[in-house]
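As C-alpha coordinates, the structure follows; a few thoughts come after it.
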Number of protein chains: 2
Amino acid sequence: MARWEPGTRQRLQAAALELFATRGFEQVTAAEIAQAVGLTERTFFRNFGDKREVLFHGQDRFLQTFVDGVKEAPPEAAPLELIASALRAAAEIFPDELRPYSRMRQAVIDQNPALQERELHKLAGLAATLATAFRERGVAEPAATLAAQSAGTVFGIAFAQWIRDGESRPLAQIASDVLRELGTLTGAAAHRPLPM
Amino acid sequence: MARWEPGTRQRLQAAALELFATRGFEQVTAAEIAQAVGLTERTFFRNFGDKREVLFHGQDRFLQTFVDGVKEAPPEAAPLELIASALRAAAEIFPDELRPYSRMRQAVIDQNPALQERELHKLAGLAATLATAFRERGVAEPAATLAAQSAGTVFGIAFAQWIRDGESRPLAQIASDVLRELGTLTGAAAHRPLPM
(Lines give C-alpha, C1' and ligand atoms only; values in the text may rest on other atoms or scores of the structure.)
Protein backbone atom coordinates (compact mmCIF):
# COMPACT_ATOMS: atom_id res chain seq x y z
CA MET A 1 0.00 0.00 0.00
CA ALA A 2 2.81 2.39 -0.88
CA ARG A 3 0.34 4.99 -2.03
CA TRP A 4 -0.82 5.69 1.54
CA GLU A 5 2.62 6.20 3.02
CA PRO A 6 3.19 9.58 4.65
CA GLY A 7 4.77 12.10 2.33
CA THR A 8 3.01 10.85 -0.79
CA ARG A 9 1.60 14.29 -1.43
CA GLN A 10 5.00 15.95 -0.93
CA ARG A 11 6.68 13.47 -3.27
CA LEU A 12 4.04 14.12 -5.93
CA GLN A 13 4.45 17.87 -5.47
CA ALA A 14 8.23 17.76 -5.80
CA ALA A 15 8.06 15.57 -8.89
CA ALA A 16 5.35 17.74 -10.46
CA LEU A 17 7.30 20.97 -9.92
CA GLU A 18 10.40 19.44 -11.44
CA LEU A 19 8.44 18.29 -14.50
CA PHE A 20 6.52 21.57 -14.84
CA ALA A 21 9.75 23.55 -14.63
CA THR A 22 11.63 21.50 -17.21
CA ARG A 23 8.86 20.68 -19.70
CA GLY A 24 6.21 23.37 -19.12
CA PHE A 25 3.00 23.07 -17.09
CA GLU A 26 0.75 22.34 -20.07
CA GLN A 27 2.93 19.52 -21.38
CA VAL A 28 2.87 17.39 -18.22
CA THR A 29 0.08 14.94 -17.38
CA ALA A 30 -1.05 13.72 -13.96
CA ALA A 31 -0.08 10.18 -14.98
CA GLU A 32 3.47 11.29 -15.76
CA ILE A 33 3.80 13.03 -12.41
CA ALA A 34 2.63 9.90 -10.59
CA GLN A 35 4.89 7.69 -12.70
CA ALA A 36 7.93 9.84 -11.85
CA VAL A 37 7.64 8.73 -8.22
CA GLY A 38 6.40 5.20 -8.90
CA LEU A 39 2.73 5.86 -8.20
CA THR A 40 -0.45 5.54 -10.24
CA GLU A 41 -2.60 8.26 -11.77
CA ARG A 42 -5.36 7.12 -9.40
CA THR A 43 -3.14 7.92 -6.42
CA PHE A 44 -2.42 11.31 -7.90
CA PHE A 45 -6.13 12.08 -8.04
CA ARG A 46 -6.61 10.85 -4.46
CA ASN A 47 -4.25 13.64 -3.42
CA PHE A 48 -5.04 16.45 -5.84
CA GLY A 49 -8.23 17.41 -7.64
CA ASP A 50 -6.26 18.29 -10.74
CA LYS A 51 -2.80 19.23 -11.98
CA ARG A 52 -3.25 22.86 -10.98
CA GLU A 53 -4.02 21.85 -7.39
CA VAL A 54 -0.40 20.74 -7.01
CA LEU A 55 0.60 24.40 -7.18
CA PHE A 56 -2.23 25.76 -5.06
CA HIS A 57 -2.63 23.07 -2.44
CA GLY A 58 -2.62 24.51 1.07
CA GLN A 59 -4.30 27.77 0.11
CA ASP A 60 -6.79 27.58 2.99
CA ARG A 61 -3.93 27.13 5.43
CA PHE A 62 -2.15 30.08 3.82
CA LEU A 63 -5.16 32.34 4.38
CA GLN A 64 -5.80 30.99 7.87
CA THR A 65 -2.22 31.72 8.92
CA PHE A 66 -2.69 35.45 8.27
CA VAL A 67 -6.01 35.39 10.14
CA ASP A 68 -4.40 33.56 13.08
CA GLY A 69 -1.73 36.25 13.14
CA VAL A 70 -4.42 38.91 13.48
CA LYS A 71 -6.14 36.94 16.26
CA GLU A 72 -2.91 36.42 18.20
CA ALA A 73 -2.20 40.16 18.50
CA PRO A 74 -2.77 41.63 21.97
CA PRO A 75 -6.21 43.19 22.57
CA GLU A 76 -4.89 46.76 22.59
CA ALA A 77 -3.00 46.35 19.29
CA ALA A 78 -3.41 49.17 16.75
CA PRO A 79 -4.31 48.23 13.15
CA LEU A 80 -0.65 48.55 12.13
CA GLU A 81 0.31 45.99 14.77
CA LEU A 82 -2.41 43.67 13.47
CA ILE A 83 -0.87 43.96 10.00
CA ALA A 84 2.60 43.22 11.39
CA SER A 85 1.27 40.26 13.36
CA ALA A 86 -0.44 38.80 10.28
CA LEU A 87 2.76 39.20 8.23
CA ARG A 88 4.87 37.65 10.96
CA ALA A 89 2.59 34.60 11.16
CA ALA A 90 2.57 34.22 7.38
CA ALA A 91 6.35 34.49 7.16
CA GLU A 92 6.66 31.56 9.56
CA ILE A 93 5.16 29.14 7.04
CA PHE A 94 7.86 30.11 4.54
CA PRO A 95 11.10 29.09 6.24
CA ASP A 96 14.33 29.35 4.27
CA GLU A 97 14.21 25.63 3.35
CA LEU A 98 11.12 26.38 1.25
CA ARG A 99 12.81 29.10 -0.78
CA PRO A 100 14.02 26.85 -3.64
CA TYR A 101 10.56 25.26 -3.90
CA SER A 102 8.89 28.68 -3.91
CA ARG A 103 11.27 29.94 -6.59
CA MET A 104 10.53 27.00 -8.82
CA ARG A 105 6.78 27.32 -8.25
CA GLN A 106 6.89 31.01 -9.18
CA ALA A 107 8.85 30.29 -12.37
CA VAL A 108 6.16 27.80 -13.41
CA ILE A 109 3.37 30.29 -12.66
CA ASP A 110 5.16 33.12 -14.50
CA GLN A 111 5.07 31.06 -17.68
CA ASN A 112 1.34 30.41 -17.68
CA PRO A 113 -1.41 33.07 -17.86
CA ALA A 114 -4.10 30.79 -16.41
CA LEU A 115 -1.91 30.08 -13.39
CA GLN A 116 -1.18 33.79 -12.99
CA GLU A 117 -4.92 34.36 -12.95
CA ARG A 118 -5.37 31.81 -10.20
CA GLU A 119 -2.54 33.41 -8.20
CA LEU A 120 -4.15 36.84 -8.61
CA HIS A 121 -7.38 35.38 -7.23
CA LYS A 122 -5.54 33.89 -4.31
CA LEU A 123 -4.21 37.32 -3.37
CA ALA A 124 -7.62 38.96 -3.87
CA GLY A 125 -9.05 36.26 -1.59
CA LEU A 126 -6.38 37.05 0.98
CA ALA A 127 -7.39 40.73 1.07
CA ALA A 128 -11.07 39.85 1.50
CA THR A 129 -10.36 37.31 4.25
CA LEU A 130 -8.05 39.71 6.10
CA ALA A 131 -10.55 42.58 5.90
CA THR A 132 -13.06 40.39 7.75
CA ALA A 133 -10.44 39.51 10.38
CA PHE A 134 -9.62 43.20 10.90
CA ARG A 135 -13.30 44.12 11.23
CA GLU A 136 -13.70 41.37 13.81
CA ARG A 137 -10.90 43.05 15.75
CA GLY A 138 -12.92 46.26 15.78
CA VAL A 139 -11.18 48.08 12.92
CA ALA A 140 -13.76 50.26 11.15
CA GLU A 141 -14.15 50.71 7.41
CA PRO A 142 -12.44 51.89 5.26
CA ALA A 143 -9.44 51.24 7.54
CA ALA A 144 -10.13 47.47 7.64
CA THR A 145 -10.09 47.11 3.85
CA LEU A 146 -7.10 49.46 3.57
CA ALA A 147 -5.20 47.47 6.18
CA ALA A 148 -6.09 44.17 4.51
CA GLN A 149 -5.04 45.29 1.05
CA SER A 150 -1.89 46.91 2.38
CA ALA A 151 -0.97 43.70 4.19
CA GLY A 152 -1.48 41.81 0.91
CA THR A 153 0.61 44.34 -0.99
CA VAL A 154 3.45 44.20 1.54
CA PHE A 155 3.36 40.40 1.58
CA GLY A 156 3.36 40.19 -2.23
CA ILE A 157 6.30 42.56 -2.61
CA ALA A 158 8.25 40.93 0.24
CA PHE A 159 7.61 37.46 -1.15
CA ALA A 160 8.79 38.47 -4.64
CA GLN A 161 11.93 39.85 -3.06
CA TRP A 162 12.41 36.73 -0.91
CA ILE A 163 12.53 34.44 -3.97
CA ARG A 164 14.84 36.65 -6.00
CA ASP A 165 18.19 35.17 -6.99
CA GLY A 166 20.82 35.94 -4.41
CA GLU A 167 18.37 37.06 -1.71
CA SER A 168 19.23 35.52 1.65
CA ARG A 169 17.28 37.55 4.26
CA PRO A 170 14.38 35.72 5.92
CA LEU A 171 10.88 36.60 4.71
CA ALA A 172 9.89 38.13 8.07
CA GLN A 173 12.73 40.62 7.87
CA ILE A 174 11.96 41.60 4.29
CA ALA A 175 8.27 42.02 5.15
CA SER A 176 9.20 44.25 8.09
CA ASP A 177 11.39 46.40 5.82
CA VAL A 178 8.68 46.72 3.17
CA LEU A 179 6.09 47.65 5.81
CA ARG A 180 8.42 50.35 7.11
CA GLU A 181 8.87 51.60 3.55
CA LEU A 182 5.08 51.84 3.19
CA GLY A 183 4.95 53.94 6.35
CA THR A 184 7.67 56.21 5.00
CA LEU A 185 5.90 56.52 1.68
CA THR A 186 2.40 57.38 2.89
CA GLY A 187 2.86 58.53 6.50
CA ALA A 188 2.92 62.21 5.61
CA ALA A 189 -0.65 61.96 4.29
CA ALA A 190 -1.84 61.63 7.87
CA HIS A 191 -0.65 65.09 8.81
CA ARG A 192 -1.21 67.42 5.92
CA PRO A 193 -3.97 67.67 3.38
CA LEU A 194 -2.98 66.87 -0.19
CA PRO A 195 -4.37 69.12 -2.88
CA MET A 196 -6.92 67.02 -4.75
CA MET B 1 -26.22 56.45 -42.21
CA ALA B 2 -27.60 56.70 -38.69
CA ARG B 3 -25.04 54.18 -37.46
CA TRP B 4 -22.21 56.71 -37.89
CA GLU B 5 -23.83 59.53 -36.01
CA PRO B 6 -21.86 60.77 -33.00
CA GLY B 7 -22.93 59.14 -29.78
CA THR B 8 -23.67 55.74 -31.31
CA ARG B 9 -21.26 54.10 -28.92
CA GLN B 10 -22.77 55.92 -25.92
CA ARG B 11 -26.30 54.96 -26.96
CA LEU B 12 -25.27 51.33 -27.31
CA GLN B 13 -23.57 51.46 -23.92
CA ALA B 14 -26.59 52.96 -22.18
CA ALA B 15 -28.96 50.42 -23.75
CA ALA B 16 -26.63 47.53 -22.95
CA LEU B 17 -26.30 48.51 -19.29
CA GLU B 18 -30.05 48.82 -18.95
CA LEU B 19 -30.56 45.37 -20.48
CA PHE B 20 -27.72 43.76 -18.49
CA ALA B 21 -29.08 45.22 -15.27
CA THR B 22 -32.66 44.10 -15.83
CA ARG B 23 -32.16 40.73 -17.52
CA GLY B 24 -28.63 39.67 -16.53
CA PHE B 25 -25.44 39.96 -18.58
CA GLU B 26 -25.51 36.39 -19.90
CA GLN B 27 -29.09 36.62 -21.15
CA VAL B 28 -28.59 39.61 -23.44
CA THR B 29 -27.28 39.36 -27.02
CA ALA B 30 -25.42 41.98 -29.04
CA ALA B 31 -28.31 41.98 -31.53
CA GLU B 32 -30.79 42.82 -28.76
CA ILE B 33 -28.64 45.69 -27.54
CA ALA B 34 -28.42 47.13 -31.04
CA GLN B 35 -32.14 46.63 -31.62
CA ALA B 36 -32.99 48.52 -28.42
CA VAL B 37 -31.58 51.70 -29.98
CA GLY B 38 -32.70 50.96 -33.54
CA LEU B 39 -29.32 49.78 -34.81
CA THR B 40 -28.06 46.56 -36.35
CA GLU B 41 -25.87 43.87 -34.83
CA ARG B 42 -23.25 44.80 -37.42
CA THR B 43 -23.14 48.35 -36.07
CA PHE B 44 -22.73 46.95 -32.58
CA PHE B 45 -19.67 45.00 -33.67
CA ARG B 46 -18.22 48.06 -35.41
CA ASN B 47 -18.17 49.71 -32.00
CA PHE B 48 -17.37 46.86 -29.64
CA GLY B 49 -15.36 43.67 -30.09
CA ASP B 50 -17.88 41.78 -27.97
CA LYS B 51 -20.58 42.19 -25.35
CA ARG B 52 -18.04 42.40 -22.55
CA GLU B 53 -16.28 45.31 -24.26
CA VAL B 54 -19.31 47.47 -23.55
CA LEU B 55 -18.39 47.33 -19.87
CA PHE B 56 -14.63 47.70 -20.32
CA HIS B 57 -14.38 50.13 -23.19
CA GLY B 58 -12.05 53.01 -22.40
CA GLN B 59 -9.69 50.97 -20.24
CA ASP B 60 -6.59 52.33 -21.99
CA ARG B 61 -7.76 55.86 -21.34
CA PHE B 62 -8.44 54.93 -17.71
CA LEU B 63 -4.85 53.72 -17.25
CA GLN B 64 -3.37 56.63 -19.18
CA THR B 65 -5.18 59.14 -16.99
CA PHE B 66 -3.37 57.87 -13.89
CA VAL B 67 -0.06 57.95 -15.76
CA ASP B 68 -0.73 61.50 -16.98
CA GLY B 69 -1.41 62.48 -13.37
CA VAL B 70 2.03 61.17 -12.38
CA LYS B 71 3.66 63.01 -15.27
CA GLU B 72 1.93 66.30 -14.44
CA ALA B 73 3.31 66.43 -10.90
CA PRO B 74 6.07 69.00 -10.34
CA PRO B 75 9.65 67.71 -10.68
CA GLU B 76 10.38 67.91 -6.95
CA ALA B 77 7.24 65.96 -5.98
CA ALA B 78 7.69 63.19 -3.39
CA PRO B 79 6.20 59.74 -4.16
CA LEU B 80 3.16 60.55 -2.02
CA GLU B 81 2.47 63.64 -4.14
CA LEU B 82 2.79 61.51 -7.27
CA ILE B 83 0.14 59.17 -5.85
CA ALA B 84 -2.13 62.12 -5.02
CA SER B 85 -1.61 63.58 -8.49
CA ALA B 86 -2.50 60.27 -10.16
CA LEU B 87 -5.65 59.94 -8.04
CA ARG B 88 -6.68 63.52 -8.74
CA ALA B 89 -6.34 63.01 -12.50
CA ALA B 90 -8.29 59.74 -12.35
CA ALA B 91 -11.07 61.30 -10.28
CA GLU B 92 -11.56 63.90 -13.01
CA ILE B 93 -12.79 61.31 -15.49
CA PHE B 94 -15.52 60.29 -13.04
CA PRO B 95 -17.62 63.43 -12.62
CA ASP B 96 -20.82 63.20 -10.59
CA GLU B 97 -22.94 62.80 -13.74
CA LEU B 98 -21.28 59.43 -14.30
CA ARG B 99 -22.18 58.10 -10.86
CA PRO B 100 -25.51 56.46 -11.86
CA TYR B 101 -23.83 54.80 -14.84
CA SER B 102 -20.95 53.58 -12.65
CA ARG B 103 -23.37 52.20 -10.06
CA MET B 104 -25.28 50.26 -12.69
CA ARG B 105 -22.08 48.95 -14.26
CA GLN B 106 -20.82 47.74 -10.88
CA ALA B 107 -24.12 45.98 -10.15
CA VAL B 108 -23.80 44.08 -13.44
CA ILE B 109 -20.18 43.12 -12.70
CA ASP B 110 -21.03 42.01 -9.16
CA GLN B 111 -23.43 39.44 -10.56
CA ASN B 112 -20.98 37.76 -12.90
CA PRO B 113 -17.75 35.98 -11.87
CA ALA B 114 -16.16 36.26 -15.34
CA LEU B 115 -16.70 40.02 -15.31
CA GLN B 116 -15.30 40.26 -11.79
CA GLU B 117 -12.23 38.47 -13.07
CA ARG B 118 -11.82 40.96 -15.87
CA GLU B 119 -12.22 43.85 -13.42
CA LEU B 120 -9.60 42.31 -11.14
CA HIS B 121 -7.24 42.16 -14.12
CA LYS B 122 -7.93 45.78 -14.93
CA LEU B 123 -6.85 46.80 -11.44
CA ALA B 124 -3.77 44.54 -11.56
CA GLY B 125 -2.91 46.18 -14.89
CA LEU B 126 -3.30 49.58 -13.27
CA ALA B 127 -0.77 48.72 -10.56
CA ALA B 128 1.76 47.45 -13.14
CA THR B 129 1.32 50.52 -15.36
CA LEU B 130 1.62 52.91 -12.43
CA ALA B 131 4.75 51.19 -11.09
CA THR B 132 6.44 51.89 -14.43
CA ALA B 133 5.31 55.54 -14.30
CA PHE B 134 6.70 55.91 -10.76
CA ARG B 135 10.03 54.34 -11.76
CA GLU B 136 10.23 56.75 -14.68
CA ARG B 137 9.88 59.57 -12.14
CA GLY B 138 12.92 58.23 -10.31
CA VAL B 139 11.14 56.32 -7.52
CA ALA B 140 13.26 53.29 -6.61
CA GLU B 141 11.99 49.78 -5.90
CA PRO B 142 10.27 48.56 -3.78
CA ALA B 143 8.81 52.05 -3.23
CA ALA B 144 7.59 52.30 -6.85
CA THR B 145 5.59 49.06 -6.64
CA LEU B 146 4.35 49.92 -3.14
CA ALA B 147 3.24 53.36 -4.33
CA ALA B 148 1.53 51.89 -7.40
CA GLN B 149 -0.34 49.23 -5.47
CA SER B 150 -1.30 51.68 -2.75
CA ALA B 151 -2.65 54.10 -5.34
CA GLY B 152 -4.71 51.24 -6.80
CA THR B 153 -5.96 50.25 -3.34
CA VAL B 154 -6.94 53.82 -2.48
CA PHE B 155 -8.65 54.28 -5.83
CA GLY B 156 -10.56 50.99 -5.50
CA ILE B 157 -11.80 51.76 -1.99
CA ALA B 158 -12.67 55.36 -2.87
CA PHE B 159 -14.50 54.28 -6.00
CA ALA B 160 -16.55 51.67 -4.10
CA GLN B 161 -17.49 54.36 -1.62
CA TRP B 162 -18.32 56.84 -4.39
CA ILE B 163 -20.94 54.53 -5.92
CA ARG B 164 -22.55 53.57 -2.63
CA ASP B 165 -26.22 54.49 -2.20
CA GLY B 166 -26.58 57.90 -0.61
CA GLU B 167 -22.96 58.94 -1.16
CA SER B 168 -22.74 62.46 -2.55
CA ARG B 169 -19.11 63.56 -2.06
CA PRO B 170 -17.05 63.87 -5.25
CA LEU B 171 -14.59 61.06 -5.98
CA ALA B 172 -11.54 63.33 -5.56
CA GLN B 173 -12.57 64.17 -2.01
CA ILE B 174 -13.22 60.57 -1.05
CA ALA B 175 -9.86 59.53 -2.55
CA SER B 176 -8.11 62.26 -0.56
CA ASP B 177 -9.79 61.04 2.65
CA VAL B 178 -8.87 57.40 1.99
CA LEU B 179 -5.26 58.37 1.22
CA ARG B 180 -5.10 60.26 4.51
CA GLU B 181 -6.52 57.22 6.28
CA LEU B 182 -3.75 55.08 4.74
CA GLY B 183 -1.18 57.51 6.11
CA THR B 184 -2.76 57.34 9.55
CA LEU B 185 -2.85 53.57 9.42
CA THR B 186 0.73 52.86 8.35
CA GLY B 187 2.62 56.07 9.11
CA ALA B 188 3.91 54.86 12.46
CA ALA B 189 5.81 52.05 10.73
CA ALA B 190 8.24 54.67 9.41
CA HIS B 191 9.41 55.61 12.87
CA ARG B 192 9.56 52.53 15.02
CA PRO B 193 10.55 48.97 14.26
CA LEU B 194 7.73 46.46 14.50
CA PRO B 195 8.56 43.16 16.15
CA MET B 196 8.61 40.59 13.36
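The values are calculated or read from the model by the stated rules, or taken from the named source; none is laboratory data. Computed from a prediction, not measured in an experiment: that's the story for all the values here. Methodologically, a virtual Cβ is constructed for each residue, glycine included, from the backbone with ideal geometry; neighbour enumeration extends over all protein chains shown. Note: accessible area is taken over every heavy atom of the protein model, side chains too, but ligands, DNA and RNA are not part of it. Shrake-Rupley method; radii C 1.70, N 1.55, O 1.52, S 1.80 Å.
Taking 8 Å as the Cα distance limit and 6 or more residues as the minimum spacing, I'd like the relative contact order of the range A:63-196 as a percentage. Kindly include the intermediate steps, with their values, before the conclusion.
Details: 108 pairs, mean separation 35.5, N = 134.
It comes to 26 percent, rounded to a whole number.
All other residues with a Cβ under 15 Å from the Cβ of B:R103 taken together, and with Lys, Arg as +1 and Asp, Glu as -1, what is their net charge?
Working: positive: B:R99, B:R105, B:R164, B:R169; negative: B:E18, B:D96, B:E97, B:D110, B:E119, B:D165, B:E167.
Computed value for this residue: -3.
Distances from B:Y101 to the same residue in each other copy, label points 7 Å out along Cα→Cβ, in nm, shortest first?
In nanometres, ordered from closest: 5.1.
Does the protein assembly as shown classify as rounded, prolate or oblate by the C-alpha gyration tensor (a ≥ b ≥ c root eigenvalues; a/c under 1.5 gives rounded; else a/b over b/c gives prolate, otherwise oblate)? All intermediate terms of the calculation are to be shown ahead of the outcome.
Values: a/c = 2.00, a/b = 1.20, b/c = 1.67.
Oblate.
Looking at the square roots a ≥ b ≥ c of the eigenvalues of the Cα gyration tensor of the range A:79-149, which shape do they give, rounded for a/c under 1.5, prolate if a/b is larger than b/c, or oblate?
Here the range A:79-149 falls in the oblate category.
With the solvent-accessible surface defined on protein heavy atoms using a 1.4 Å probe, which residues belonging to the range B:54-100 display a reduction of at least 40 Å² in accessible area in the multichain context relative to the isolated chain?
Those residues are B:L80, B:E81, B:R88.
Per residue of the range B:46-60, what does 6.51 cos²θ - 1.76 cosθ + 1.60 with θ = phi - 60° give for ³J(HN,Hα)? Whole Hz please, x for Gly and Pro, Karplus curve as stated.
6, 9, 9, x, 7, 4, 5, 4, 4, 7, 10, 4, x, 5, 4
For the range A:1-64 and the range B:51-111, what is the centre-to-centre distance using only Cα atoms, to the nearest Å?
42
If you wrap a convex hull around the alpha carbons of the range A:118-196, what volume per residue comes out, as a whole number of Å³? Display every interim value, and only then the final one.
Values: hull volume 10.3 nm³, N = 79.
Expressed per residue, the convex hull around the Cα atoms of the range A:118-196 is 131 Å³.
Along Cα-to-Cβ, 7 Å out, sits the label point; list in nm, shortest first, how far the one on B:G58 is from those in the other copies.
Listed shortest first, these distances are 4.5 nm.
Give me the aspartates and glutamates in straight-line cross-link reach of A:K71: C-alpha distance below 13 Å, same-chain residues under 8 apart excluded.
Correct list for A:K71: A:E81, A:E136.
Compute the acute angle (0 to 90°) between the alpha-carbon long axis of helix A:113-136 and the principal axis of greatest extent of the alpha-carbon atoms of chain A; round to the nearest 10°.
Orientation of helix A:113-136: about 40 degrees from the principal axis.
Which of the aspartates and glutamates could a cross-linker bridge to B:K122, judged by Cα under 20 Å and excluding same-chain residues fewer than eight apart?
A:D110, A:E117, A:E119, B:D50, B:E53, B:D60, B:D68, B:E92, B:D110
Please list, ordered by chain and number, the residues whose modelled amide H lies under 5 Å from the amide H of B:I163; skip anything fewer than 5 residues away on the same chain.
none
So which residue of B has the beta-carbon closest to the axis that swings B onto A, and how many whole Å away?
B:G187, 2
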